[in-house]
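Undergrad: My questions all concern the structure below.
The values are calculated or read from the model by the stated rules, or taken from the named source; none is laboratory data. Nothing here was measured: the structure is a model prediction, and the numbers come from that model. All Cβ positions, even for glycine, are placed from backbone atoms using ideal geometry, and neighbour counts span all protein chains on display.
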Amino acid sequence: MDDTLSNARSATAPADATSGHVLRPDEALLERGFVFGEDRPFAQCHASTLVETRDGRLVVAFFAGPYEGHPDVAIWTAEGRVDGSSGSSGAPPKAAHGSTVFAPPRRAVKVRDVAHWNPVLYRLDGAHAGDDVLALQFKVGDRIRTWETWIARSFDGGRRFEGAMPLVPGDRGGRGAVRNKPIRLASGDWLAGASIEAWRRWDAFFDRSPDGVGGWIATKRIDLDRARFRGKGLIQPALWESKPGHVHALFRTTDGRIHQSDSDDDGRRWSRARPTRVPNNNSALDLARLDDGTLALACNPVPGNWAARTPLSLLFSRDEGETWPFRLDVETGPGEFSYPAVVASGGGLALCYTWNRRRIAFVRIPSARGLLETGTAPAAGGAP
């Protein structure tokens with residue numbers, strides 16, 4: 001893996017609610033690098049997403065082209081494997097022990113000659129045990145306000161996506177997953193975080209499907225006390241379920257803080273959004289539940305609307321998001337390190353994110369338990 005990313009070990013946390021405990025892991029607990037090199041076949045790339053397949057490979061998707069919004073922008077993918085372990089033909093070459101190596105990126109989806117945006121990967125259940133069926137949602141349109149959401153599926157673990165079609169016929173503005181992966185609820189239904197970006201107002205809502213592919217039904221838009229809220233609103237929910245029927249969402253906002261809403265009826269009705277103590281710079285965030293139950297939140301913990309997109313950090317909670325006492329700063333230098341995507345991987349996690357719009361950076365932490373045992377700290381974060 002490329003080792004030119006800024007050093008996580010030298011992180012210094014800003015004075016905010018997430019600064020109680022800055023992790024400084026041994027290098028054996030942190031692998032960092034890039035999904036592809038500087039000889040990429042496009043000028044810019046952004047908004048990556050990733051999924052781990054049943055056989056342990058990682059599939060990363062992102063949009064790329066001359067620049068964001070250009071008609072030539074398409075959805076690209078790259079496949080990675082830890083240690084280059086054996087798999088089907090076309091797998092990446094063998095790597096050094098403990099590292100992840102990616103095959104060259106390839107253009108995966110282009111449905112027509114307008115810009116494509118915000119791919120979202122997630123794994124579906126196949127018809128037979130062991131099937132590796134992936135779904136890919138993405139946006140199509142020359143402007144955000146005219147987005148259509150499309151869906152394609154892969155029946156070979158992400159090597160080829162086929163059957164692209166609109167997610168909801170007649171959609172304008174963006175149904176389904178806007179940025180972060182849908183989750184499968186304990187009830188069996190799928191829930192996706194959606195949002196609408198109008199000219200002067202942003203709103204979020206949720207879409208529900210029985211199978212993660214079709215039959216999507218939208219909830220009402222999330223209530224927000226706009227008399228006390230600064231800016232346009234909130235978008236791009238990240239979801240988790242704390243116990244059957246109890247679902248929670250964190251939002252990107254223009255208000256300088258991540259906001260949260262909760263549902264106790266399986267994601268059908270939602271509470272009014274409220275600010276947490278975790279800063280937000282009006283940039284994307286993502287969240288995943290690790291194998292030991294820990295929540296991992298990837299974000300730029302920086303207060304202020306359109307504030308700097310650095311540092312990029314991982315925050316960890318062991319009390320269902322009430323507090324976030326553990327923090328690892330993955331990037332701390334100047335630049336744009338944004339739009340993270342995080343998934344559980346083995347006993348740890350895998351993370352990817354935009355690196356200065358030129359590359360997609362990748363981080364793997366093999367052991368979350370080992371990482372969190374590197375120090376102690378008081379609780380921080382959570383709702384005020």
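Undergrad: Report, by residue number, each residue of the range 306-345 that is within 16 Å of the chain's Cα centre (by Cα), farther than 19 Å from L250 by Cα and of a type in the set (A, V, I, L, M, F, W, C).
TA: V330, F337, listed by residue number.
Undergrad: On the phi < 0 side of the Ramachandran plot, without any contact (Cβ under 8 Å) to a residue 24 or more places away in the chain, touching a Pro at 6+ places or on another chain (Cβ under 9 Å) and of a type outside the set (A, V, I, L, M) - does that describe any residue in the range 200-208?
TA: Scanning the range 200-208 turns up at least one residue that is on the phi < 0 side of the Ramachandran plot, without any contact (Cβ under 8 Å) to a residue 24 or more places away in the chain, touching a Pro at 6+ places or on another chain (Cβ under 9 Å) and of a type outside the set (A, V, I, L, M).
Undergrad: In the range 334-348, what count of residues is obtained for those that are within 17 Å of A284 (Cβ to Cβ) and either touching a Cys at 6+ places or on another chain (Cβ under 9 Å) or not in a loop (DSSP other than H, G, I, E, B) (or both)? Quick ask: steps written out before the conclusion?
TA: First, the residues of the range 334-348 that are within 17 Å of A284 (Cβ to Cβ): 335-343.
Restricting the remaining residues to those that are either touching a Cys at 6+ places or on another chain (Cβ under 9 Å) or not in a loop (DSSP other than H, G, I, E, B) (or both) gives 337-343.
Going through the range 334-348 one residue at a time, the tally reaches 7.
Undergrad: Quick check: anything in the range 242-249 basic (K, R) and either touching a Leu at 6+ places or on another chain (Cβ under 8 Å) or over 20 Å from G293 (Cα atoms) (or both)? Before you say what the answer is, go through the steps one by one.
TA: Initial filter on the range 242-249 (basic (K, R)): 243.
Next, from what is left, pick out any that are either touching a Leu at 6+ places or on another chain (Cβ under 8 Å) or over 20 Å from G293 (Cα atoms) (or both): none.
No, the range 242-249 contains no residue that is basic (K, R) and either touching a Leu at 6+ places or on another chain (Cβ under 8 Å) or over 20 Å from G293 (Cα atoms) (or both).
Undergrad: Also: Looking at the range 322-341, which of the residues that are crowded, with 19+ Cβ neighbours inside 10 Å and of a type in the set (G, A, S) is nearest to L297 (Cα to Cα)?
TA: Among those residues, the one meeting the criterion is A341.
Undergrad: Tally time: how many residues in the range 278-333 are closer than 21 Å to A204 by Cα and assigned to a strand (DSSP E or B)?
TA: Residues flagged as closer than 21 Å to A204 by Cα and assigned to a strand (DSSP E or B) within the range 278-333 amount to 8.
Undergrad: Looking at D329, is it acidic (D, E) and touching a strand residue (DSSP E or B) at 6+ places or on another chain (Cβ under 7 Å)? If you could, list the steps in order and put the result at the bottom.
TA: Details: acidic (D, E): yes; touching a strand residue (DSSP E or B) at 6+ places or on another chain (Cβ under 7 Å): yes.
In short, yes.
Matching residues to (1) in contact with a Ser or Thr (Cβ under 7 Å, 6 or more places away or on another chain); (2) buried (at least 24 other Cβ atoms within 10 Å of the Cβ); (3) not β-branched (V, I, T):
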| position | (1), (2), (3) |
| --- | --- |
| L191 | no, yes, yes |
| D211 | no, no, yes |
| G214 | no, no, yes |
| A218 | no, no, yes |
| D225 | no, no, yes |
| R228 | no, no, yes |
| K243 | no, no, yes |
| T254 | no, no, no |
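Undergrad: Moving on. If A273 satisfies every condition in (1) over 16 Å from the mean Cα position of the chain (by Cα); (2) farther than 16 Å from R252 by Cα but one, which is the exception?
TA: Condition not satisfied by A273: (2).
Undergrad: Within the set of pairs 6+ apart or on separate chains, which have a first residue in the range 313-331 that is on the phi > 0 side of the Ramachandran plot and modelled with pLDDT of 95 or more, a second that is surrounded by 23 or more Cβ atoms within 10 Å (Cβ to Cβ) and in a loop (DSSP other than H, G, I, E, B), and C-beta atoms under 9 Å apart?
TA: If the second residue must be surrounded by 23 or more Cβ atoms within 10 Å (Cβ to Cβ) and in a loop (DSSP other than H, G, I, E, B), the pairs left are G321/G381.
Undergrad: So which residues in the range 176-212 are of a type in the set (K, R) and either over 30 Å from G56 (Cα atoms) or outside any loop (DSSP other than H, G, I, E, B) (or both), if there are any at all?
TA: Just the residues of the range 176-212 that are of a type in the set (K, R), to begin with: 179, 181, 184, 200-201, 208.
Correct list: R184, R200, R201, R208.
Undergrad: If you go through the range 281-302 one residue at a time, how many are without any contact (Cβ under 8 Å) to a residue 60 or more places away in the chain, of a type in the set (S, T, Y) and under 13 Å from S242 (Cα atoms)?
TA: 0
Undergrad: Would you confirm, using the coordinates I've provided, whether G157 is modelled with pLDDT under 95, under 21 Å from the mean Cα position of the chain (by Cα) and either under 17 Å from Q236 (Cα atoms) or assigned to a loop (DSSP other than H, G, I, E, B) (or both)? It would help to see each step written out before you state the result.
TA: Working: modelled with pLDDT under 95: yes; under 21 Å from the mean Cα position of the chain (by Cα): yes; either under 17 Å from Q236 (Cα atoms) or assigned to a loop (DSSP other than H, G, I, E, B) (or both): yes.
Spelling it out, G157 is indeed modelled with pLDDT under 95, under 21 Å from the mean Cα position of the chain (by Cα) and either under 17 Å from Q236 (Cα atoms) or assigned to a loop (DSSP other than H, G, I, E, B) (or both).
Undergrad: Let me ask something else about it. Can you find even one residue in the range 41-49 that is at pLDDT 90 or above, outside any loop (DSSP other than H, G, I, E, B), of a type outside the set (A, V, I, L, M) and over 18 Å from the mean Cα position of the chain (by Cα)? Reasoning before the result, please.
TA: We begin by selecting, within the range 41-49, every residue at pLDDT 90 or above; these are 41-49.
Among the residues that remain, those that are also outside any loop (DSSP other than H, G, I, E, B) are: 44-49.
After this cut, where a residue has to be of a type outside the set (A, V, I, L, M) as well, the list is 44-46, 48-49.
After this cut, where a residue has to be over 18 Å from the mean Cα position of the chain (by Cα) as well, the list is 44.
Within the range 41-49, one or more residues are at pLDDT 90 or above, outside any loop (DSSP other than H, G, I, E, B), of a type outside the set (A, V, I, L, M) and over 18 Å from the mean Cα position of the chain (by Cα).
Undergrad: I would also like to ask the following. Starting from residues that are more than 17 Å from R289 (Cα to Cα) and free of Cβ contacts under 8 Å to residues at least 24 places away in the same chain, keep the ones in the range 256-277 and report whichever is surrounded by the most Cβ atoms within 10 Å (Cβ to Cβ).
TA: Just the residues of the range 256-277 that are more than 17 Å from R289 (Cα to Cα), to begin with: 256-259, 261, 263-277.
Among the residues that remain, those that are also free of Cβ contacts under 8 Å to residues at least 24 places away in the same chain are: 263-265.
Values: S263: 20, D264: 14, D265: 10.
It comes out as S263.
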